[in-house]
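Only the coordinates and a few stated rules stand behind these numbers; no lab work does. This one's a predicted model, so the numbers in the text were calculated from it and none came from an experiment. All Cβ positions, even for glycine, are placed from backbone atoms using ideal geometry, and neighbour counts span all protein chains on display.
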Amino acid sequence: MAYDKNMEPKNSTNMRKAVMIGCGFVGSATVFSLMQSGLFSELLLIDADRAKAEGESMDISHGIPFAKHMKVYAGDYDDITDAGIVIITAGANQKPDETRLDLVHKNIAVFKSIIPELTKRGFDGILIVVTNPVDILTYVAQKISGLPKHRVIGSGTVLDTARLKYELGEHLGVDSRSVHAFIIGEHGDSEIAVWSSANVSGINLEDYEEMSGEHHYDQSTKEIAEKVKNSAYEIIERKQATYYGVAMAIKRICEVIVRDEKSILPVSVMMDGEYGIEDVVLSMPSIVGKNGIEKKVPISLNDEEQEKLIESSNILKKILSDANI
């Protein structure tokens, strides 16, 4: 489905200005990454702890002489009016014994306090949701904000897909950038590795593995999928949080929007009947550009993958129902 080009952000929206709401590990690492990218001329930091936002903005600003000129500063919601992109990382942290979905009730409450602050000030840019569980909270953000569906984007499985490409590259002894594969569905325990369309520079993954002297395709793909799914849990167990990988994923999403690249990324998007699924947000390959989601890409799924996608959507729908959203 292509979106109406008349539904673009207002002319007063400054796409060179981004706002980070939440200055914890993920928010701060992302701002640091964005500062180095040179994508923006202004980076505004907002946090419930104003001193934290001020400290992070000061620290990151001291790196500007080594990067490109920009303004990195702490502020409040009154400063977001003309922002082109708002990124939300605020929320409770995932504890070692929690799944992403355990966070849902705490972080829905956080979003119910944040989103109205944006709408009251007429924010009309693109909203990127990162807080977990990201698919649930992207749905919540869209419903509360009333923004067009294509301008409310979750970071989805962009990082999971990068992890999948990395692991496949290591397994096959090939540059991960030559690996083409997606993780779709929930960013979480019911995520799906789409093996049926995975390839290495156009060569079917199973065929490439045979060419590489590997002869345990079913076993290796199962192990890699499990490793990718459990990556966050293993990192959290070792260092209490994950933030560098997701910071790079968010930078990539911003890059695609600001440069209007129309790249395909597996972001969290509202489903409107695709694969028989609607009124739930799932991470699916989509063309992303200056207006947000330009179009969802109808990725080819085999019967098992489509069944798993429906199961994933039902899990998220039940959580939304239980949360009275």
Taking 308, 143 and counting other C-beta atoms within 10 Å, the order from fewest to most: 143, 308
Would you please give the FRET efficiency between residue 230 and residue 71, computed as 1/(1 + (r/R0)^6) with r the Cβ-Cβ distance and R0 = 35 Å, to the nearest 0.05? 0.30
In sequence order, what are the phi-derived ³J(HN,Hα) couplings for region 71-82 according to the Karplus relation 6.51 cos²θ - 1.76 cosθ + 1.60 with θ = phi - 60°, rounded to whole Hz, with x for glycine and proline? 10, 10, 8, 8, x, 9, 5, 5, 8, 8, 3, 9
Along Cα→Cβ, 7 Å out, is where each label goes; now give me the distance between the ones at residue 287 and residue 214 in nm to one decimal. 3.2
Yeah, region 229-325 with a ≥ b ≥ c from its alpha-carbon gyration tensor (a/c under 1.5 is rounded, else prolate when a/b outruns b/c, oblate otherwise) is oblate
With a cut-off of 8 Å between alpha carbons and a minimum separation of six or more residues, what is the relative contact order of the chain in percent? 19
Classified through the alpha carbon gyration tensor (a ≥ b ≥ c as square roots of its eigenvalues; rounded if a/c is under 1.5, else prolate when a/b is larger than b/c, else oblate), region 158-320 comes out rounded
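Mind running the shape call on region 10-154? Use the C-alpha gyration tensor, a ≥ b ≥ c as the square roots of the eigenvalues: rounded below 1.5 for a/c, prolate if a/b tops b/c, oblate otherwise.
Because a/c hits 1.5 or more and a/b fails to exceed b/c, region 10-154 counts as oblate.
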Alpha-carbon centroid distance for the pair region 186-259 / region 293-325, whole angstrom: 18
